[in-house]
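The values are calculated or read from the model by the stated rules, or taken from the named source; none is laboratory data. As the structure is a computational prediction, the values presented were derived from the model and not from experiment. Methodologically, a virtual Cβ is constructed for each residue, glycine included, from the backbone with ideal geometry; neighbour enumeration extends over all protein chains shown.
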Amino acid sequence: MHEIVKSLSLRIQSEIFARIQSIHPHVEIKPASSTELLRCQRALYRFEIYRILFPQHQDLERDYPDDVDDLDGGMMAQMQFLAGSPPWENEQLGCIYESLWRLIAQVYNDLALHSTKGCRTALYYGDARIEYLLARGLKEINEISLCNTWTERYDLLGFDRPDEPVCDFGGFLRETFEYYEGHCLIECSQMTGAHKGTHYPVGRDTTEDGPRRTWDWVTQRWSGQPNFEARKRIVLVMETARLRACGYVFWDEERMVELGWMNPTSMDWHSDALRVIDNPPT
C-alpha cells in the first residue's frame, strides 16, 4: 500500500504544480519538501481508512436532524471521523478526494463517449458514476489511472457487462462532507458561553503551522458572520475550490507567501471557484 500511496502522491503533486505553474508562469515552482509530500501521503491514507471503515454507502438522503443527539449510529460515526481532526487536515482529505476524482474522471469520460450504457461524461464532483469507482479504494484507483490502452480501461471499469454495478452509490465522501457542514452549524448553535470558542482537535501533523496559518487566513473571509466559529470548521466549500485544486493546505507557509496567496484581495474567490466547478476535466 505504501508504494501505491507514494506513487499517487507524486502524481497528484506533479499535476498540482503544473496547475500552479499555469497560473504563475513566471514563478519558479520549487519541488515539494519532504514535509509537504508527507501531508499528501497522510491524506491518502485517511482516504483509504475512510473507505475501509464505511464500505457500505449510508442512506443520508434526508435532512440533517435539528439536534446532534438525534443522529443515527452510521451518520454519527462519519461525523466523528471528521470531527476528530482539525479542519485543515479535513481540507487536505478534500483535496485528495478531488484530485483522485480528476484522475478517474479522465479515464471514465474517455470510455463513456463510446459506451452503450455510460453515454454521458461525468461533469461534477459527487457524480455517482465516478463515486462508486472511488469507493473501490486506492489500489484500484491507481490501476485504473495507470491504464495505457482503451481496452485495459474498459476491462477495469466493467463497461457494458451484464454484471456492471448500478451507479447509484450516492455521494460517498463528498456527501459526508456536505452533512458535516450541517453538523458543524447545528453543534455550534447549541453551544453557549465559554464553549462557543473554536478549539481545534490536535492534528497528526507535527509541522502543521503552515497549513494552520493558511487555514486561519482563508477563513477570515467569514469573520463577523454569526456562524463564524462553525464556518472555521466547515471544509470542501465552493469558495475555496481553486485553492484546493492547487493543494493549498499541503504547502508550507513559505511557498504560500512566495505565490502571493496570503493576501485575500489577490483572489477573486467567487469567480475562481465557479471556473473550477464549471470546467471539469476532459
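Kindly provide the set of residues from segment 48-83 that are among the polar types (S, T, N, Q) and either modelled with pLDDT of 60 or more or surrounded by 13 or more Cβ atoms within 10 Å (Cβ to Cβ) (or both), ordered by number.
Q58, Q78, Q80
Residues in segment 213-226: is at least one under 18 Å from the mean Cα position of the chain (by Cα) and either at pLDDT below 80 or exposed (fewer than 15 other Cβ atoms within 10 Å of the Cβ) (or both)?
So far as segment 213-226 goes, no, none of its residues is under 18 Å from the mean Cα position of the chain (by Cα) and either at pLDDT below 80 or exposed (fewer than 15 other Cβ atoms within 10 Å of the Cβ) (or both).
Those residues that are among the aliphatic types (A, V, I, L, M) and over 16 Å from W101 (Cα atoms), I need them from segment 11-55; list them, please.
Across segment 11-55, the qualifying residues are A18, I20, I23, V27, I29, A32, L37, L38, I49, I52, L53.
Could you tell me whether any residue of segment 84-93 is at pLDDT 85 or above, in a loop (DSSP other than H, G, I, E, B), surrounded by 17 or more Cβ atoms within 10 Å (Cβ to Cβ) and in contact with a Leu (Cβ under 9 Å, 6 or more places away or on another chain)?
Yes, because at least one residue in segment 84-93 is at pLDDT 85 or above, in a loop (DSSP other than H, G, I, E, B), surrounded by 17 or more Cβ atoms within 10 Å (Cβ to Cβ) and in contact with a Leu (Cβ under 9 Å, 6 or more places away or on another chain).
I'd like the residue in segment 106-120 that is among the aliphatic types (A, V, I, L, M) and within 17 Å of N148 (Cα to Cα) and, out of all such residues, is modelled with the lowest pLDDT.
A112
Just to be sure I understand, how many residues within segment 232-264 are modelled with pLDDT of 90 or more, in a helix (DSSP H, G or I) and either aliphatic (A, V, I, L, M) or at positive phi (or both)?
Summing the residues that are modelled with pLDDT of 90 or more, in a helix (DSSP H, G or I) and either aliphatic (A, V, I, L, M) or at positive phi (or both) in segment 232-264 gives 2.
What residue, of I130, I141, I96, is in contact with a Phe, Trp or Tyr (Cβ under 7 Å, 6 or more places away or on another chain) and either closer than 18 Å to M1 by Cα or at pLDDT below 80 (or both)?
I96
Taking interchain pairs and intrachain pairs at least six residues apart, which have beta carbon atoms under 8 angstrom, with the first residue in segment 136-147 and within 14 Å of R11 (Cα to Cα) and the second among the polar types (S, T, N, Q) and assigned to a helix (DSSP H, G or I)?
Qualifying pairs under 8 Å: N142/S7; S145/Q106.
Could you run through segment 78-96 and say how many residues are of a type in the set (F, W, Y) and either within 19 Å of A135 (Cβ to Cβ) or over 12 Å from the mean Cα position of the chain (by Cα) (or both)?
So the answer is 1.
In segment 1-19, what residues are of a type outside the set (S, T, N, Q) and touching a helix residue (DSSP H, G or I) at 6+ places or on another chain (Cβ under 9 Å)?
M1, H2, I4, V5, K6, L8, L10, R11, I12, E15, I16, R19
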